[in-house]
Structures are given as C-alpha cells and as structure tokens.
1. When the residues of the range 633-651 are narrowed to those that are farther than 22 Å from residue 687 by Cα and crowded, with 22+ Cβ neighbours inside 10 Å, which ends up modelled with the highest pLDDT?
2. Could you list, in sequence order, the residues of the range 479-522 that are farther than 19 Å from residue 437 by Cβ, part of a helix (DSSP H, G or I) and touching a strand residue (DSSP E or B) at 6+ places or on another chain (Cβ under 9 Å)?
3. Might you check whether a residue that is more than 38 Å from the chain's Cα centre (by Cα) and part of a loop (DSSP other than H, G, I, E, B) occurs anywhere in the range 181-190?
4. Can you tell me which residue in the range 897-936 is farthest from the chain's Cα centre (by Cα), limited to those that are within 17 Å of residue 873 (Cα to Cα) and either outside any loop (DSSP other than H, G, I, E, B) or modelled with pLDDT under 50 (or both)?
5. What number of residues within the range 117-150 are without any contact (Cβ under 8 Å) to a residue 60 or more places away in the chain, part of a strand (DSSP E or B) and surrounded by fewer than 22 Cβ atoms within 10 Å (Cβ to Cβ)?
6. What single numbered condition from (1) surrounded by 18 or more Cβ atoms within 10 Å (Cβ to Cβ); (2) over 23 Å from residue 316 (Cβ atoms); (3) modelled with pLDDT under 90 fails to hold for residue 250?
7. Looking at the range 235-244, can you tell me whether even one residue there is farther than 27 Å from residue 172 by Cα, under 34 Å from the mean Cα position of the chain (by Cα), modelled with pLDDT under 90 and not in a strand (DSSP E or B)?
8. Condition test on residue 597, is it in a helix (DSSP H, G or I) and at pLDDT 90 or above?
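The values are calculated or read from the model by the stated rules, or taken from the named source; none is laboratory data. Worth saying up front: this structure is predicted, and the values here are computed from it rather than measured. A quick note on method: Cβ atoms are made from the backbone with ideal geometry, for glycine too, and the neighbour counts reach across all protein chains shown.
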C-alpha cells in the first residue's frame with residue numbers, strides 16, 4: 001500500500017529543509033566540503049552588508065581598479081563576493097594575482113575598515129598577496145566569530161599579531177605567512193611575543209605562520225600548539241625558533257600530518273616526542289641557509305664538533321637520526337637537509353623498513369649534513385621513493401645494489417660525498433629517473449651500457465671523480481641511448497679519444513660539460529650545429545681537442561664557453577655572440593684580437609691568456625661596457641696600451657702581464673673606479689707609476705714588476721683610502737726611499753720591492769703592518785685574495801732561494817722582499833713584530849749593525865735571507881726557535897762567533913749560507929770555535945754573553961774557595977795528632 005503526502009505538506013517539508021541548510025550548514029561539513037562557502041548568485045544582497053562592503057572599499061587603495069565593478073544594489077554579484085541563499089555575505093575573496101612583474105601595480109593597499117563587522121555571516125576572508133605596507137592586522141578580526149577561513153599571507157602586514165585572533169574558535173584555516181620570492185621581499189614582518197592566544201583556536205586544522213618572528217619561543221609555542229586537538233598542518237618556516245622542547249607531558253596533536261619547521265635556527269637534537277605524532281606524513285626540518293652560507297664545512301676525515309663551530313655562522317639540528325622516527329609508518333616526506341647531523345643512517349632506515357614494510361615514503365632529504373658510513377641496503381626497501389637527496393655528506397663506499405628496486409625513483413643525488421666504490425649496474429633499472437647527481441666523489445671502475453641502457457626518462461646527468469684515476473666509459477662506438485639529455489656534466493670521465501656517438505646524438509642539450517674527458521680529436525662540426533641553438537653552457541676544457549672553431553656558428557643562448565687547456569687554433573672566435581663568460585686560455589689561438597670584439601656586448605669575462613696572440617691591443621676593448629675581467633696574460637702583444645679606458649667601464653681585473661708592451665702606463669687606467677686587480681708585470685713599460693691610480697680606491701693587487709718604471713715610490717699608496725693587499729714592484733728602476741706612509745697599509749701581506757735602486761733606511765714602522773702581526777690562522781681567515789672559478793691572480797716571487805709562481809695559494813703567502821737595492825742603516829728591531837711573515841729577504845743591500853736578538857719571535861718564517869750586506873756581531877741564539885725555517889742565508893757579511901744549533905738549524909747543512917763571514921765558527925763550518933769541548937767553545941772576546949763584571953765575580957769565587965779549602969786542611973792537621981803524623985810519614989816515605 002502506497003501513501004502520498006498532500007502537496008502543501010511536501011512544500012512545507014522542502015521549505016524546512018532549505019532553512020536548515022541555510023542555518024545549519026555553516027556548522028556542518030558535508031563530504032569534506034564546507035557548505036558555508038557555497039554561493040547563491042541569484043540571492044539579493046542585504047542592504048546593511050552592501051553598505052559595509054562599500055565602506056570597506058573606500059578605505060582601500062585600488063591602483064588597478066579591481067573594485068570599480070562594485071556597483072549596483074546586488075553585492076552578491078560583485079567580484080570576490082559570495083552570499084548564502086538569504087543574501088548574507090559569507091565569502092570575501094580579494095586575493096591579488098600571483099606575484100609577477102606587474103604585481104605591485106595591481107595589489108590592494110590602504111586600510112581595512114571595521115565595517116566588515118557588519119558581515120555577521122562571514123566565514124571566508126582572503127586578503128592575501130596584497131600591499132598593506134606595514135599595516136597591523138586589525139584587532140577586530142577577532143570579533144568575526146563565524147570565520148572559518150582567514151588568509152592574510154604575503155600582504156605586507158607587520159607588527160604584533162593581535163592576540164584577539166585567539167577568539168576565533170570556529171576557525172579552520174589561518175595563513176599569516178609572509179612569503180619571500182623573486183618579486184616580493186620581506187620588508188615587513190609579523191611577530192608574536194606571547195603565543196598563549198593560539199590555544200583558543202580549538203577548531204584550527206591548518207596553521208601557517210611562516211616568516212613570523214617568534215623570538216625563539218620554541219617551547220612556549222609547542223605548549224600552546226599541543227592544545228589544538230584537530231590540528232592537521234603546522235607550517236613554521238623561518239620563525240626564528242632556536243630550541244624545540246625536549247619533551248611534552250602528553251602529545252595531543254594526534255591528527256597532525258604536516259610539520260614544517262624549515263629554515264629556523266634550531267640548535268638542538270630531534271626531540272623524541274615527534275615520534276609520537278603517529279599521523280605524520282610530512283616532516284620538514286631542513287635548513288636552506290647552508291646553500292647560501294656554506295652552513296657546515298665538509299670535514300669528513302677530521303670532523304669538527306658542534307662546539308667548535310661559530311654559532312653566528314653555523315647552526316642547525318645536531319645529533320643522529322633517532323631510530324624512533326622509524327616507527328612513523330605514515331611518513332611520505334622526511335627532509336633534514338642542511339643541518340649538523342652526524343652518524344650513520346642505517347639504524348633509522350633498518351627500523352623504518354622493518355616496522356613499516358609497506359611504507360609509502362616518497363621523498364628523503366638528508367643532504368648538507370655530516371652523515372657518514374656506507375649506504376645501507378635497506379634503502380632498496382623504500383619501494384615508492386621518488387626523491388633521494390643525500391649529497392654533501394661524508395658517505396663512503398658504493399651505492400647499494402638494491403638501488404635498482406626503487407622503480408619509482410625520479411631524482412638521485414649522492415654528490416659531494418666520499419663515495420669510493422664502483423657504481424652498480426643495477427642503477428640501470430631506474431627507468432623513471434630524470435635526474436642523476438653523482439659528481440664530486442672518488443668513484444672507481446668502468447661505466448658500461450648496462451648502467452644507462454634503461455634510463456629512458458633521464459634528462460640530467462652529472463658525474464665526476466678524481467683526476468688522478470678517472471672513470472672510463474666503455475660502450476660500443478655506435479650505441480644509441482634511449483634518453484635525450486638536457487644537461488650532461490662529466491668531470492674526469494674518459495669518453496674519448498673521439499667524441500662518442502651516444503653524446504653526439506644528444507640534440508636537446510642546454511648544458512654540456514666534458515671536462516678532462518680524454519678527447520684528442522677534432523670535435524665534429526655537425527655536433528656544434530646540433531646543440532648551438534639551445535646550449536647555454538659549453539665546457540670542453542682540459543682535453544686535447546684540435547682544429548678551428550666553426551666561425552659561422554651562432555650560439556644565441558650561450559652564456560658560458562670554456563675551452564681552456566686544449567689545442568684550438570686560428571683567430572679568437574666571435575661566434576659566441578651572447579656569451580657572458582669566455583675562457584679560451586692555454587690554446588693555440590693566434591693573430592690579433594679583432595676590432596669587432598666590441599660586438600660581444602654581454603661579455604663579462606674574457607680570458608685568452610697563454611696563447612699566441614699578436615699585434616696591438618685594440619681600443620675596442622674600451623667599448624666593452626659589461627666587461628668585468630680581462631686577461632691577456634702570456635701572449636705576444638706589443639706596442640703601447642690603449643689610452644681609451646673610461647669611467648663607464650666596470651673592469652675589476654685587468655691582467656696583461658708577460659707580453660712585449662712598451663711605452664708609459666696610460667693615466668686613463670685610473671678611471672676604472674672598481675678596479676681591484678691590475679697586473680702589468682713582465683713587459684717593457686717605462687715612465688712613472690701614474691698618480692691617477694689613487695682614484696682606484698678598490699685596488700687590492702698592483703703588480704708592475706719586471707718593467708722599466710722609474711721615479712720615486714708614490715706617497716699616495718699609503719693614503720687612508722687605499723687598501724692594498726699585494727704590491728709587486730720588483731725589477732724596475734725605481735729610486736728614492738721607502739715612504740713611511742706605506743706603514744698605514746694594514747691589509748698588506750706581500751711587499752716586493754726587490755731589484756730597484758731604493759736608498760735610505762728601512763722604515764722602523766714596517767713592524768706595524770697589522771696584517772702580518774696576526775697569527776697565521778687568523779690572517780688566512782681574515783684576508784683572502786679573490787679566489788674564484790673565474791680568475792686566479794698569478795705572481796712570480798723569490799722565496800726559499802728560487803723563483804716560484806703562486807696562484808691558488810697566493811692568499812696564504814706573506815712576503816717582504818727588499819733585496820738588491822742600496823738600502824743602508826740597521827735592520828729595524830720592530831720588524832720582528834711581524835710574527836705572521838713567511839719570507840723576509842733584505843739581501844744585497846748595505847745594511848749594518850747586528851741581527852736583532854728578537855728574530856726568534858717570527859715563528860712562521862720559512863725564508864730568511866740577510867746575505868750580501870755589512871751586518872756584524874753574532875747570529876742570535878733565538879734563531880734556533882724558528883721551527884718552520886727551510887731557507888736561511890747570511891753569507892757575505894761580517895758576522896762573528898759560534899753558529900747557533902738546534903731545531904731547524906740542524907737541517908741547514910749547506911756551508912755556502914755562511915761563507916764570506918771569516919769569524920764565524922762551529923757546525924756546519926769546518927772551523928771549530930776556540931775553547932774546550934766541555935761547555936762553551938766560543939772565544940770570550942767574541943761571546944755575546946761576555947761580561948767583565950761576571951768574570952771578576954767568578955775569579956773572586958774561585959780564590960775564596962781555594963783559601964777556604966787550604967785553611968780547612970791545615971786546621972785539621974793542627975787539631976788531629978794521628979792525621980799529622982800520618983801526613984808527615986807519607987812524605988818521609990816519599
């Protein structure tokens with residue numbers, strides 16, 4: 001039997017149902033979707049709420065006119081506004097467009113009017129990605145009781161977060177993160193000095209306070225957060241958290257699935273209570289600062305303890321990975337990158353893969369730590385892993401063969417470790433891998449087709465090992481791989497002698513690095529054509545590639561070209577029209593630099609040193625406004641330097657040493673206001689050092705040695721505005737005295753004035769050069785010559801008795817060389833204050849007086865040369881304290897006395913270092929010093945310790961002793977009859 005309701009009953013039931021939806025739905029969540037966010041565009045706006053929105057609009061600054069369409073009576077149809085069926089505004093979404101070049105011209109600003117309080121049913125408010133320029137978050141937001149969604153992220157709010165937000169007990173979603181990206185910088189920042197208000201958000205599921213200054217309130221924060229029972233995601237990126245609570249009495253965050261504490265300054269270990277977050281799927285404790293600051297130096301053989309690290313430079317989570325984390329079977333993402341963690345990882349992984357055999361870990365980031373040991377075979381049980389980043393650690397051994405079980409793996413990074421085994425062939429099973437980073441290890445063995453044959457999706461391959469024992473690619477000559485790479489980076493991996501087919505078919509490359517790849521042939525021209533349209537970096541350095549470059553080629557996207565240390569010949573190639581960096585040094589390029597080189601308008605570095613270039617340096621180089629570094633060193637250029645240098649150029653390094661240049665140094669070089677390194681040594685330049693150089697206030701290294709320069713040493717070099725680290729002026733025709741003003745060069749650590757005609761005395765204030773007074777460790781930490789991939793300054797200097805070239809180690813060299821001049825006077829005692837000095841050479845002058853007794857204070861001296869002077873007196877005994885001394889010469893002086901013995905002096909047995917001093921004696925000379933073998937054999941008249949008063953005291957002591965002894969004998973004979981009779985009986989018998 002069927003029954004039907006009367007029509008009017010059905011109508012009333014439908015009405016009741018609709019009313020229930022309107023009034024009950026805001027408190028419900030059907031199928032996970034909030035009904036409160038549904039809109040009814042046909043609803044009629046409530047008048048008071050329309051007026052509230054118009055008042056709100058009037059307080060805003062709207063440069064792009066986004067709100068100009070807020071017209072008419074029905075606000076439910078306005079952009080960004082949603083209403084319920086009764087016409088109540090439930091949603092205000094004024095999120096700006098995503099950050100872009102025009103972001104600032106479209107974002108809203110101004111003030112937030114409290115008229116929003118009239119929107120009694122408002123549950124959704126989004127003001128993110130706007131420009132409120134330091135405005136405080138309005139306190140009245142805490143009175144919007146029905147709010148379930150509040151997003152203020154990246155809107156330039158700043159100041160204290162109002163604790164009134166803690167009144168929003170219905171709030172599900174709160175995002176206050178001030179994001180930092182390419183177009184917005186965090187000029188304004190939120191802070192919260194008291195976090196107790198958080199405990200009022202009892203309905204919160206998503207909480208993001210990224211980049212909020214929480215002032216190190218880690219323990220307080222988690223005590224408040226632990227009172228939020230339904231919290232599912234907690235994002236605290238870059239919140240200045242220094243410590244995490246070691247323990248929590250109870251853990252209430254049982255629903256927490258995402259915990260992001262990345263980029264903080266946490267200086268503690270991972271607390272055990274994290275292991276109780278059983279719903280956790282994503283744990284991010286990473287620290288990206290290590291990429292910027294080099295957070296922890298890789299000390300794999302002699303690890304620095306955390307206590308030894310400067311907390312201002314190095315910070316991060318320390319300790320081992322707790323094995324208890326292995327019980328979090330729901331983990332999908334674990335990121336510990338860039339911390340100070342140590343130990344091995346097998347304990348954690350073995351437990352995780354045992355307790356959680358069906359684990360669903362997708363991403364594991366352990367890079368930039370101090371983890372060590374071999375990689376465990378249990379890695380192969382992470383069967384759903386897509387990303388494995390363990391680079392920049394201290395792992396050794398090989399990659400486990402079980403790596404082939406990770407069939408979903410897309411990214412593998414084991415770079416910058418101590419891996420020293422073979423690469424397993426099971427790597428070839430990773431058919432989904434797109435990115436393989438294996439560089440900077442100590443790999444051994446051979447790479448075959450088995451390693452690569454199934455890598456169908458591979459796009460990025462980087463592999464390197466030691467130069468002394470390179471990896472060899474052993475594949476069939478015509479092998480055609482299944483992948484087409486975007487980036488190929490091989491260092492010390494032998495693929496030659498010919499460019500193999502598997503590389504020639506890579507037609508999509510935009511990065512090509514084949515450094516020291518054993519290629520000894522002409523690179524096929526068709527390969528250059530294949531890659532020329534999209535390649536941005538081309539590095540074929542340290543091979544033996546021959547032939548000429550195809551000059552008709554154009555590389556429209558090329559930024560860096562590195563062909564150094566090959567056998568390329570022909571003229572300087574200009575086919576790299578958009579290149580930013582060109583390294584062509586140590587090849588066979590010849591001929592002049594073409595005048596149209598100025599067409600390389602983007603070029604910042606041009607290094608064509610150590611080639612066979614000829615002709616004059618064209619004035620076109622003065623038109624290269626973008627040029628930072630120009631090195632023409634060791635070619636065959638002749639004639640004068642161009643006179644056209646100008647203040648529009650930003651050259652920081654100019655190296656034209658070791659050519660055949662003549663004429664005067666152009667004064668226009670002084671217009672290069674940012675010049676830091678100028679090397680014109682080993683030419684035939686004449687005239688004086690231009691006074692215009694004093695305008696180059698950034699000049700750190702000036703090397704003009706081995707020329708024909710004349711005139712006095714410039715006084716301006718010692719001005720307060722100069723900051724010289726290195727002054728090389730040797731082998732010129734300079735005269736006059738050494739200016740006392742030069743003693744103001746507090747950063748100077750190399751002063752080479754040898755082989756000139758300098759006269760006068762050595763300024764005593766040279767002992768005040770503060771950069772040479774610090775200990776060797778402090779000096780090397782404080783000062784360093786620009787040491788980069790792009791340029792290495794080179795200098796020839798005399799040390800340890802021979803000419804040596806310094807380049808990479810130049811920053812560690814501390815030298816004063818004043819040899820072969822006509823200097824007079826005594827060696828200033830103050831020079832012994834230079835305790836960090838490594839070489840002191842004042843030979844070949846006319847110096848008189850004694851060697852300072854304090855010479856032993858210069859503990860880091862390796863070279864000491866006082867030869868060919870007129871020095872007198874003894875060699876100080878303190879010289880034996882110089883434990884680093886490896887070269888010593890005092891020949892051809894007027895020194896006297898015994899040669900000191902002990903420590904390093906014992907090893908300096910070459911008699912020639914003492915010859916020309918006829919009054920010296922003792923080892924290693926054949927002439928022995930007068931006197932007995934017991935005690936000193938130095939003649940008293942020549943002994944530095946001789947003292948007439950002391951000798952008189954010794955004589956009186958001996959005389960008194962003699963008288964006392966005789967008196968004692970006679971008194972005994974007079975008192976003892978038996979002794980007296982025996983005494984005289986002895987003489988009678990005699």
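1. For the range 633-651, the residue satisfying everything is 635.
2. Hit for the range 479-522 is 502, nothing else.
3. Looking for residues that are more than 38 Å from the chain's Cα centre (by Cα) and part of a loop (DSSP other than H, G, I, E, B), one finds none in the range 181-190, hence no.
4. Within the range 897-936, the match that is farthest from the chain's Cα centre (by Cα) is 919.
5. 2
6. With (1) surrounded by 18 or more Cβ atoms within 10 Å (Cβ to Cβ); (2) over 23 Å from residue 316 (Cβ atoms); (3) modelled with pLDDT under 90 applied to residue 250, the lone miss is (1).
7. yes
8. So residue 597 passes the test.
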